Amino acid sequence: MTSIDVHELTKDYGGTRAVDHLTFQVRPGRVTGFLGPNGAGKSTTMRLLLGLDRPTSGTATIGGQPYAALPEPLRHVGALLDPQAAHAARTARDHLLALAVSNGLGATRVEEVLEETGLGHVGGRRIRTFSLGMRQRLGMAAALLGDPAVVMLDEPSNGLDPEGIVWIRELMRRLAREGRTVLVSSHLMSETSSFADHLIVLGQGRLLADLPMRTFLESRSKPRAKVRTTEPARLGELLAREGYRAAPDEDGRWTVEDVRAEEIGAMAAKEGIPIMELMDEHTTLEQAYLDLTADATEFASAGRQEV
């Protein structure tokens with residue numbers, strides 16, 4: 001099984017501990033979102049996994065081996081960390097050809113990934129002429145070049161237009177369906193919620209959560225329902241009598257805490273109160289994430305600190 005394994009990983013920079021005894025596993029067949037505030041240790045962890053830095057202690061392996069020990073590493077691991085890293089004077093095609101030759105890959109594969117990432121018609125252009133979104137696609141082409149079993153992406157949606165965001169989302173899902181191991185670091189909670197099956201959340205270099213997406217959301221939420229009626233006074237009296245906290249919204253609906261929609265429906269039906277709209281309100285990934293990381297954010301706004 002090809003997985004990413006991090007065990008007691010620690011990294012110190014002088015007197016600063018960027019990663020603190022971190023242990024987790026990223027399994028194949030699912031997209032794992034890698035989340036955390038700025039300074040949480042996500043980028044450092046990815047650099048340690050890719051052999052771009054050395055740990056102070058602990059291990060970071062891919063398929064049971066350190067990245068540096070992998071023969072022709074692009075055939076095993078594809079990574080997008082910095083789309084600006086490609087030599088600006090090269091053409092997109094030459095950039096990929098250089099990577100391909102160094103890893104025993106042929107020119108045919110270069111043309112395949114150029115087409116797959118939507119760059120086939122601009123492969124002969126110099127990278128300096130590329131927009132950020134085009135450089136991001138080129139970074140994805142490099143990550144896919146060796147048809148790797150493990151893919152690691154840092155902010156892959158950065159700079160992409162709406163069509164590109166949909167494309168990268170579907171690409172990550174397809175890679176997971178093919179049985180690959182996919183680790184994606186992102187600050188975009190709404191986007192992460194659209195593709196991630198599992199979440200690993202860091203805070204100040206430590207592991208805060210390692211859970212399936214649904215379990216994570218359920219663990220950080222309380223029952224809450226939205227309801228709209230043509231007889232708000234009667235509904236308000238009923239909810240108060242039953243001991244529920246309810247507050248009217250500006251749009252004419254009521255928000256009721258600590259109750260499921262089906263319970264409100266049953267109570268209203270018994271009392272003959274007409275219900276025009278009724279739904280459970282679910283915690284978003286952004287809300288759950290902010291709740292979890294409230295005490296682990298290095299740079300918080302004054303308003304956030306007062307909450």
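For segment 1-45, the candidate set comprises residues that are out of contact with any strand residue (DSSP E or B) (no Cβ under 6 Å at 6 or more places or on another chain) and part of a strand (DSSP E or B); within that set, the residue that is surrounded by the most Cβ atoms within 10 Å (Cβ to Cβ) is ARG17.
Please verify whether ALA141 is in contact with a Ser or Thr (Cβ under 6 Å, 6 or more places away or on another chain), over 15 Å from ASP82 (Cβ atoms) and either in contact (Cβ under 8 Å) with a residue 12 or more places away in the chain or among the β-branched types (Val, Ile, Thr) (or both), treating the condition exactly as stated. It is false that ALA141 is in contact with a Ser or Thr (Cβ under 6 Å, 6 or more places away or on another chain), over 15 Å from ASP82 (Cβ atoms) and either in contact (Cβ under 8 Å) with a residue 12 or more places away in the chain or among the β-branched types (Val, Ile, Thr) (or both).
Conditions tested, residue by residue: (1) modelled with pLDDT of 95 or more; (2) farther than 27 Å from PRO37 by Cα; (3) of a type in the set (Lys, Arg).
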position: ARG109; (1), (2), (3): yes, yes, yes
position: MET140; (1), (2), (3): yes, no, no
position: LEU144; (1), (2), (3): yes, yes, no
position: LEU153; (1), (2), (3): yes, no, no
position: LEU160; (1), (2), (3): no, no, no
position: ARG177; (1), (2), (3): yes, yes, yes
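Selection of first residues in segment 68-81 that are over 19 Å from LEU105 (Cα atoms) and of second residues that are in a strand (DSSP E or B) and of a type outside the set (Phe, Trp, Tyr), restricted to Cβ pairs under 6 Å at least 6 apart or on distinct chains, gives the following pairs, ordered by first then second residue: LEU81/ASP154. Listed conditions (1) exposed (fewer than 14 other Cβ atoms within 10 Å of the Cβ); (2) on the phi > 0 side of the Ramachandran plot; (3) among the small types (Gly, Ala, Ser) are all met by GLY205, apart from (1).
Restricting attention to segment 238-285, the residues being assigned to a strand (DSSP E or B) and more than 32 Å from the chain's Cα centre (by Cα) number 7. Residue count for segment 65-116 satisfying the condition of being over 28 Å from the mean Cα position of the chain (by Cα), polar (S, T, N, Q) and assigned to a helix (DSSP H, G or I): 2.
The values are calculated or read from the model by the stated rules, or taken from the named source; none is laboratory data. A quick note: this is a predicted structure, and the numbers were derived from the prediction, not measured. Glycine gets a Cβ as well: all are built from the backbone with ideal geometry, and neighbour counts include every protein chain shown.
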